[in-house]
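The values are calculated or read from the model by the stated rules, or taken from the named source; none is laboratory data. Quick caveat, the model's predicted, so the values are computed rather than measured. Cβ atoms come from the backbone with ideal geometry, glycine included; neighbour counts cover every protein chain shown.
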């Protein structure tokens, strides 16, 4: 009880000073969006996970180069096709001092595997049982041989949950007042403003270099940049390409290249009655967009045009769709005419977020101008990310095409393709269903033959490229600003892992 009281007093002090100018012992990160809460299983967003990962630990974690490393699990072994043995660390405690055990792993994985209403259910539904052998040993049983189980356990939303705490307070309270085992402990969440965390000095990896970690929500690019160069924040994400020289010239911060696995794309509503139900219209939209020009203007030439949700770091993907595009505005005009529209008669609504991705508003406006060159009018709707997310994805109100930038946290082709399954997470948004595509993706998910698996998924990716329920733009290469007195390198998975950040001598 004394330990809990002491931590609460520290939390109150940190909350009180959080409104003062940044202290030497406080690291402040400027984020473009707020989080919806702290339940790992109810989101699929890397920006959200960038907060979560500092509070929750995974069983297995990839290092900066993408290799699997022990985390809460110290070792693992596949005993047969459907059984994996895991040994856990025996020196981990939750932030309230309660020991972390195999019962927490059982609680976490069986919850997400068993509840089809959870956003992350599809990524864990193959787990049929977690068998606790002791406090620090367990078996994970899967329904079929799973070639990517470690991928599932080391990606966004893989944080472990505290059984004892959730049993006491329930998931709703937990989602606003989380308890984890991670390097930072929750203090306060001021919605649409900031999240305040404090150092977990007893973390099994060692104490963070900072007493407090603050994530500030700053959607506007220019405001994030100004806060960085005036010392209001120490790290700022999504620095626009045209601001790089200005930031570097101040001497107060440096801009680092941030290669990512994220692909910018449009989701397309193919519902009957909409213009985009016509495959000729979808093809015209694709041909009207100059992918290479977008990458040149918006990423200072670092982005790579693509015709699929894939990068070279992903397994089982067809790389003939990488570093290629199909720009042909003349043919786009012909297709629009074949679909029955005179020049300027067809209007497409383009929905996009403001502040979620680098220069996302500018991207949508550039695409609208490109469509106009091919005789397609565009109605642009750019809204703050939480509004955009609520309207387009949660309410499933995709008016025409909608911008998304998705990273493949599983680093595997199945994870990308499964979005468009007839019963997949975006089925009611795109209204696209192809049984041949489903058969290919479902067969590949649990196939241990890697060559055959890649062949099946390659066929599935080419169906998407041909039918265009998604229109792909480019692999994103981002920029992040870091204060000159902070030593930190961005990760290719885009997670803001702040245990790696230290003061620069």
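Within region 292-325, the set of residues being within 20 Å of residue 410 (Cβ to Cβ), surrounded by fewer than 22 Cβ atoms within 10 Å (Cβ to Cβ) and out of contact with any helix residue (DSSP H, G or I) (no Cβ under 8 Å at 6 or more places or on another chain) comprises 313, 319, 322.
Looking only at region 190-224, how many residues end up being closer than 18 Å to residue 487 by Cα and more than 22 Å from the chain's Cα centre (by Cα)? Qualifying residue count for the region: 8. Within region 22-43, the set of residues being touching a helix residue (DSSP H, G or I) at 6+ places or on another chain (Cβ under 9 Å) and part of a loop (DSSP other than H, G, I, E, B) comprises 23, 32, 33, 34, 35, 36, 37, 38, 39, 43.
Of the residues that make up region 46-53, is at least one modelled with pLDDT of 95 or more, in contact with a helix residue (DSSP H, G or I) (Cβ under 7 Å, 6 or more places away or on another chain), in a helix (DSSP H, G or I) and over 20 Å from residue 136 (Cα atoms)? Taking every residue of region 46-53 in turn, at least one turns out to be modelled with pLDDT of 95 or more, in contact with a helix residue (DSSP H, G or I) (Cβ under 7 Å, 6 or more places away or on another chain), in a helix (DSSP H, G or I) and over 20 Å from residue 136 (Cα atoms).
Restricting 254, 268 to those that are in contact (Cβ under 8 Å) with a residue 40 or more places away in the chain and farther than 21 Å from residue 489 by Cα reduces the list to 268. Restricted to region 307-411, the set of strands (runs of 3 or more DSSP E) holding at least 1 residues that are closer than 30 Å to residue 62 by Cα comprises 346-354, 401-407.
When residue 221 is tested against the conditions (1) buried (at least 20 other Cβ atoms within 10 Å of the Cβ); (2) touching a strand residue (DSSP E or B) at 6+ places or on another chain (Cβ under 8 Å), the lone failure is (2).
Residues in region 190-228 that are free of Cβ contacts under 8 Å to residues at least 40 places away in the same chain and part of a strand (DSSP E or B): 2 in all.
Of the set (1) over 23 Å from the mean Cα position of the chain (by Cα); (2) assigned by TED's automatic domain parsing to the domain that holds residue 308; (3) free of Cβ contacts under 8 Å to residues at least 40 places away in the same chain; (4) in a loop (DSSP other than H, G, I, E, B), all apply to residue 505 but (2). Residue count for region 115-146, restricted to those that are assigned to a loop (DSSP other than H, G, I, E, B), crowded, with 18+ Cβ neighbours inside 10 Å and either free of Cβ contacts under 8 Å to residues at least 40 places away in the same chain or in the same structural domain as residue 425 (by TED's automatic domain parsing) (or both): 1. Filtering 432, 414 for residues that are modelled with pLDDT of 95 or more and assigned to a loop (DSSP other than H, G, I, E, B) leaves a single hit, 432.
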